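Read the structure below first, then the notes.
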Amino acid sequence: MKKIIIINGPNLNLLGQREDDIYGNDSLSDIKALCEKKGNEKSIKITFIQSNNEGEIINSLHTVEKNFDGLIINPAAFTHSSIAILDALRAINKPKIEIHLSNIYSREEYRKKSITSEGVHGLICGFGGNSYLLGIEAIAKLIYK
Ligand code: DQA
């Protein structure tokens, strides 16, 4: 069994209540349950966390190299601002994928730049909660190559 961590950034704890026209009706715990099911199918154990705090996200990224076979991150609004998260991602030599529920390239100008995606292997966005499941499919291919 391989192990990955899925890290969720600020305000994603409000999924299902927050701008549902953009982010859909599923709560983060609904998405977590779908990810665990997909992980089981792929023989991947999933640790799923959320934090509104940039430092906590960076501390979680520092655990990846030692404890996990790969990582999926939705940095939420930190995507567009955090060089510190980018630096932490760059320090990880494991498969790593950024995901977003919404298509950040079809939204406001300030969302069109992902600073953090410069530190990952690839980016999946625009498929709602399915972006997470596509992320697991993609990371499974990188981990079990
Ligand atoms: C998001 C997109 C970000 O621009 C936004 O700040 C979020 C969610 C997404 O999953 O679509 O909080 O990361």
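Computed values, structure above
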quantity: Neighbour cut-off at most 15 other Cβ (10 Å), DSSP loop, trypsin sites (Lys or Arg not before Pro), the stretch 6-86; calculated: R18
quantity: Rounded to whole Hz, the Karplus (6.51, -1.76, 1.60) HN-Hα couplings of the stretch 6-12, x for glycine and proline; calculated: 10, 10, 10, x, x, 6, 6
quantity: Neighbour-limited loop hits for chymotrypsin sites (Phe, Trp or Tyr not before Pro), the stretch 110-145 (at most 15 other Cβ within 10 Å; DSSP other than H, G, I, E, B); calculated: Y144
quantity: Rough spin-label spacing in nm, given labels placed 7 Å along Cα→Cβ, for E109 and F127; calculated: 3.1 nm
quantity: Semi-axis lengths (Å, descending) of the ellipsoid that matches the C-alpha gyration tensor of the stretch 1-115; calculated: 22, 19, 12
quantity: Gyration tensor (Cα) of the stretch 92-134, equivalent ellipsoid semi-axes in angstrom; calculated: 18, 15, 5
quantity: Over 26 Å (Cα to Cα) - which of K42/K96; K45/K145; K2/K113; K38/K112; K3/K145; K37/K141 fall in this group; calculated: K2/K113; K38/K112
quantity: Dipole magnitude of the chain, debye to nearest 20 (Cβ charges: Lys/Arg +1, Asp/Glu -1, about Cα centre); calculated: 620 debye
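Here, each number is a calculation from the coordinates, and none is a lab measurement. Just so it is clear, the structure is predicted and the values come from calculations on it, not from any experiment. In this analysis, Cβ positions are derived from the backbone assuming ideal geometry, glycine residues included, and neighbour counts consider all displayed protein chains.
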